[in-house]
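What follows is a structure written as structure tokens; I'll ask about it next.
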Amino acid sequence: MDFTFTEEQQAAVEAARAVFSGVEPDEVPSPALTPGAVAEDIDRPLWAQLAAGDLLGLTLAPEHGGAGLDPVALCLVLRESAKVLARVPLLETCAVAMSIQRDSDPGLAAELLPRVGRGELVLTVGANGRTGHDPAELAVTALRDSNGKNDRSSSSDSPVWVLDGVQSGVPWASSADWIAVPAHTADDRAVLALVRRTAEGVTLAEQVSTSGELLAEVRLDGVRIEDRALIGTPGAWEWLRALLTTGTCALALGLGETVLSMTSEYTGKREQFGFPVATFQSVAVQAADRYIDLRAMEVTLWQAAWRISTGTAGALPVAGDIAVAKIWASDGVRRIVQTAQHLHGGFGADTDYPLHRFHAWAKQIELSLGPAAAHEEALGDLLAAHPLG
């Protein structure tokens, strides 16, 4: 396979590096020392810089003011963002925007997407359901009410949808303007509802992630949305979920690369018995194993992103490639930060040193992806249903 990136994709990486070069991971209080969230809002100055650098519209079509690039380009930028623990909803906003562009009402897309590219709108998505253990679309019901009126801001008498349910652990929800909510209809179709955070019937309860970032439980109580704000295209939610998962694997890769680089630098300077500890065989072997993890995380990530970007058929559905990427990302990022902590000794837990922040973010990513064993079981089911050879 040739995973050589195009000139446009490489240009996006360079632009991202320029924007993220000024970001310091310790710009907010340490999650280890903060009882609640480390901040009440996203990094707004960084968000404005991303918009100015045309990175928020990276995957939007030119008619919406974007560059028209694919999910591979998005994953490349996400990889760079994770290297500095960028506190912005880049994955969520871009993924939801791509879903709107791909499957929503053209009028709604024309209304929202140019504003997304300019950094005027923040989008997020509830992908965890009520508990994080059940399919997210089962946590919310979407029922059609053809006799009702739209919200008070609209004079239209077109049919509306009524949403009831809960999505837990929604990232950046308190900072978002719109929340994409997976739901199920009366005939058990999975749909995607676009809800204003300020809509009547929407309430947010504060939750805090392992990394110290502010999440929210989003409760929907009779929330009414326009017919055009509900995406009912078959497979729309599944496509968005696949993109979110692959993007999270890109975050794991970028974070892991920085952590291994920090470990290499530290062990190259730290001396015992008059020699750098990096020269000890046991240290070198552990670092080499983690390097192998990173390369496996990388190749499986690009395979999954390429399948999503191109829709290319394979021996297994794209879910198989995503499952493999999740197996390596979930286990790999955990092993990398554990080895880093071990090789740093007590220094790794020092709250004046940034490694503990990367550890907290890595645990959040691992929890978001779920256990590798579950993905291995899913992959086994796919192999049973699609015998190879």
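The values are calculated or read from the model by the stated rules, or taken from the named source; none is laboratory data. What you see is a predicted model, and the numbers here were worked out from it, not measured in a lab. Virtual Cβ from ideal backbone geometry, glycine too; neighbours counted across all protein chains shown. Each accessible area value is taken on the protein alone, full model and side chains, heavy atoms only, with ligands, DNA and RNA left out. Shrake-Rupley method; radii C 1.70, N 1.55, O 1.52, S 1.80 Å.
Nearest 10 degrees is fine. How inclined is helix 7-20 to the longest principal axis of the chain, computing both from alpha carbons?
In the chain, helix 7-20 runs at an angle near 80 degrees to the longest axis.
Another one. If you fit an axis through the alpha-carbon atoms of helix 71-82 and take the longest principal axis of the Cα set of the chain, what angle between them do you get, 0 to 90°, nearest 10?
On a 0 to 90 degree scale, this one is about 50.
I would also like to ask the following. Could you state the number of Å between the C-alpha centres of region 1-78 and region 282-305?
23 Å
Counting only heavy atoms of protein chains, what accessible area per residue, in Å², does region 295-389 have with a probe of 1.4 Å?
On a per-residue basis, region 295-389 sits at 44 Å².
What's the angle, to the nearest 10 degrees (0 to 90), between helix 372-385's Cα axis and the longest principal axis of the chain?
Tilt relative to the chain: about 60 degrees.
Once you sort the root eigenvalues of the Cα gyration tensor of the chain as a ≥ b ≥ c, which label holds: rounded (a/c under 1.5), prolate (a/b larger than b/c) or oblate (the other case)?
Values: a/c = 1.81, a/b = 1.60, b/c = 1.14.
Prolate, because a/c is 1.5 or more and a/b exceeds b/c.
Now for a separate question. Rounded to the nearest 20 debye, what is the charge dipole size of region 166-287 about its Cα centre when +1 sits on each Lys and Arg Cβ and -1 on each Asp and Glu Cβ? Could you put the intermediate results ahead of the total?
Details: 9 positive and 14 negative charges, 41 e Å.
Computed about the Cα centre, the dipole is about 200 debye.
Further, regarding this structure: For region 5-123, rounded, prolate or oblate, judged on the Cα gyration tensor with a ≥ b ≥ c (square roots of eigenvalues), a/c < 1.5 rounded, else prolate if a/b > b/c? It would help to have the intermediate numbers written out before the result.
Details: a/c = 2.32, a/b = 1.47, b/c = 1.57.
Oblate.
Going by the alpha-carbon gyration tensor, a ≥ b ≥ c the square roots of its eigenvalues, is region 169-267 rounded (a/c under 1.5) or, if a/c is not under 1.5, prolate (a/b greater than b/c) versus oblate?
Details: a/c = 3.58, a/b = 1.82, b/c = 1.97.
Oblate, since a/c reaches 1.5 and b/c is not below a/b.
Provide Rg and Dmax in Å for region 225-267, with only Cα atoms included in the calculation.
Calculated on Cα positions, Rg and Dmax stand at 18.4, 58 Å.
In debye, nearest 20: dipole of region 338-389 around its Cα centre with unit charges on the Cβ of K, R (+) and D, E (-)?
Working: 2 positive and 6 negative charges, 26 e Å.
In total the dipole reaches around 120 debye.
Additional query: Among DSSP beta bridges whose residues both lie in the chain, state the antiparallel percentage, nearest 5. The partial results should precede the final answer.
Working: 34 of 38 bridges.
Close to 90 percent.
Viscosity 1.567 mPa s, temperature 4 °C: give me the Stokes-Einstein translational D for region 96-140 in µm²/s, with Rh taken as the Kirkwood radius over C-alpha pairs.
In µm²/s, the coefficient rounds to 108.
Can you give the Rg/Rh ratio of region 276-336, where Rg is from the C-alpha atoms and Rh is the Kirkwood radius?
1.18
Explain nothing, just compute: Karplus ³J(HN,Hα) = 6.51 cos²θ - 1.76 cosθ + 1.60, θ = phi - 60°, for every residue of region 171-178 in order, whole Hz, x for Gly and Pro.
Computed from phi, the couplings for region 171-178 are x, 6, 4, 5, 9, 7, 8, 10 Hz.
Write down the Kirkwood hydrodynamic radius of region 27-79, to one decimal in angstroms, obtained as one divided by the mean of 1/r over all alpha carbon pairs. Walk me through the numbers before you get to the answer.
Working: mean 1/r = 0.0762 Å⁻¹.
The answer is 13.1 Å.
Considering only protein heavy atoms and a 1.4 Å probe, what is the carbon-and-sulfur percentage of the accessible area of the chain?
Numbers: 9030 of 17070 Å².
Carbon plus sulfur share of accessible area: 53 percent.
Apply the Karplus parameterisation 6.51 cos²θ - 1.76 cosθ + 1.60, with θ equal to phi minus 60°, to every residue of region 207-212 and state each ³J(HN,Hα) to the nearest whole Hz, in sequence, with x for glycine and proline.
9, 10, 7, 4, 7, x
Here is a further query. For Leu215, what residues show an amide H to amide H distance below 5 Å, using hydrogens built from the backbone and excluding near sequence neighbours?
Gln207, Val208, Ser209
What number, rounded to the nearest 500 deg cm²/dmol, is the helix-based mean residue ellipticity at 222 nm of the chain, given -39500 (n - 2.57) per DSSP H run of at least four residues and division by all its residues?
Values: 10 runs with 181 residues, N = 389.
Here the helix-only value at 222 nm equals -16000 deg cm²/dmol.
Taking H placed 1.01 Å from N in the peptide plane, check which residues at least 5 places from Thr34 or on another chain put their amide H under 5 Å from its amide H.
Placed amide hydrogens put nothing under 5 Å from Thr34.
Explain nothing, just the number: dipole magnitude of the chain about its Cα centre with +1 on each Lys and Arg Cβ and -1 on each Asp and Glu Cβ, in debye rounded to the nearest 20. Walk me through the numbers on the way to the answer.
Details: 29 positive and 50 negative charges, 68 e Å.
The dipole magnitude comes to about 320 debye.
Quick one: 3J(HN,Hα) in Hz for region 303-311, Karplus 6.51/-1.76/1.60 with θ = phi - 60°, rounded, Gly and Pro as x.
Whole-Hz 3J(HN,Hα) from phi for region 303-311: 4, 5, 5, 5, 5, 5, 5, 9, x.
Rank by packing, highest mean first: peptides 262-275, 224-237, with packing defined as the count of other Cβ atoms within 10 Å averaged across residues. Write down the numbers at each step before the final one.
Working: 262-275: 13.7, 224-237: 18.5.
Ranked from most to least packed, the peptides come out as 224-237, 262-275.
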